[in-house]
Amino acid sequence: MSTVKCIGILTSGGDAPGMNAAIRAVTRSAIYNGLSVKGIYRGFRGLVADEIVDFKSQNVSNIIQMGGTILKTARCKEFMTPEGRKAAYETMQRHNIDALIIIGGDGSLTGARIFAQEYDVPCIGLPGTIDNDLYGTDTTIGYDTALNTIIDAVDKIRDTATSHDRLFFVEVMGRDAGFLALNGAIASGAEAAIIPEFSTEVDQLEEFIKNGFRKSKNSSIVIVAESDLTGGAMHYAERVKNEYPQYDVRVTILGHVQRGGRPTAHDRILASRLGAAAIDALMEDQRNVMIGIVNDEIVYVPFSRAIKNDKPVKRQLVNVLRELSI
Ligand code: F6P
């Protein structure tokens, strides 16, 4: 039998569509199982600064369809210090919070891992990031919605690219991961994707040009993952201007538009399943694990494994993109 009676829930790092569905699922599932719930505002910052409210079932009504996070979020520098984490622990004690549910990405789960080790607090993580860069889950909350935002944008860019016979570099988010770029390229019928995972292996621009991107087409769209490793879309546009001045080049940086919007059905269902599973995990006395879904089954992934940054990009996807863009 678990000793947890009261949980605190927070969202941390970059917001992701579906975080609200996860907050709703965690809250309702906790209450269903007889636990009380405290909402912690602005991620770990709210834990350090004591921004906490009681959460009842009604607090999470009518939010499943909303992007962003009703709990707000932050990237908290104080929590990276021992003093900040001490203040956070004291806040937990004041509010009788026995366990934490953290919805966020790599940085947030890293913070949770350190905190759990230092203060022996049960922490359960939910993968919430548009980047999809957490190991141990097929997809993260927000990734599918961001992909759909990307394909909507690229469909529109294609109209103008075709009309003007232009080469477009479209930059998408992902921090240092190429999932959004690669799958965004496949789903939008783009001609190529330039991703950090392969940046040291091959000159991806050279490869794209050498493959004869104009063989059968007048316009082309290349999706570039933002990253210091790729250099971003501007970098490639500059290179084309210098090395292949015959091409008419334009750049679109999609930016934070990718983080907003109503979550897709996929993200709502994913967030709901993960949220309910987080409470199951706590009731089973699990701690310091991220909940994931692999092959449609719930899995528990130790924080140390989830945040290792080694979720591989499937080469088969690269081949599919190459074959289908002839
Ligand atoms: O991790 C999510 C993400 O959107 C990344 O794709 C991006 O690099 C980063 O956050 C942007 O962060 P910020 O909103 O702090 O500029």
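We did not get these values from a lab; they are worked out from the coordinates using the rules stated. Keep in mind the model is a prediction, meaning the values are calculated, not measured. Note that each Cβ is placed from the backbone with ideal geometry, even for glycine, and that neighbours are counted across all protein chains shown.
Zone of D285 (label point 7 Å along Cα→Cβ, backbone N under 13 Å): which residues in the range 1-41? Answer for the range 1-41: 1-4. Residues in the range 129-136 carry Karplus couplings, in order, of 6, 6, 6, 6, 9, 9, 6, x Hz; the curve used is 6.51 cos²θ - 1.76 cosθ + 1.60 with θ = phi - 60°, and Gly or Pro positions show x.
One chain, two ends: E78 and I269. Fully extended at 0.36 nm per residue, the span grows by 65.4 nm beyond their Cα-Cα distance.
Rounded to whole Å, give me the distance from the Cα center of the range 99-158 to that of the range 1-49. The range 99-158 and the range 1-49 have Cα centres separated by 15 Å. Our coupling estimate for the range 246-252, obtained by passing each phi through the Karplus curve with A = 6.51, B = -1.76, C = 1.60 and θ = phi - 60°, is 5, 9, 8, 10, 9, 10, 10 Hz, Gly and Pro reported as x.
Only DSSP H runs of four or more residues enter the estimate; each adds -39500 (n - 2.57), and after division by the residues of the chain the mean residue ellipticity at 222 nm equals -12500 deg cm²/dmol. Spin-label pair N33-I298: with each label point 7 Å from Cα along the Cα-Cβ axis, the two points sit 0.7 nm from one another. Treating r as the C-beta distance of N96 and D138 and R0 as 45 Å, the FRET efficiency rounds to 0.80. For the range 29-34, the Karplus equation 6.51 cos²θ - 1.76 cosθ + 1.60, evaluated at θ = phi - 60°, returns couplings of 5, 5, 4, 4, 8, x Hz by residue, with Gly and Pro reported as x.
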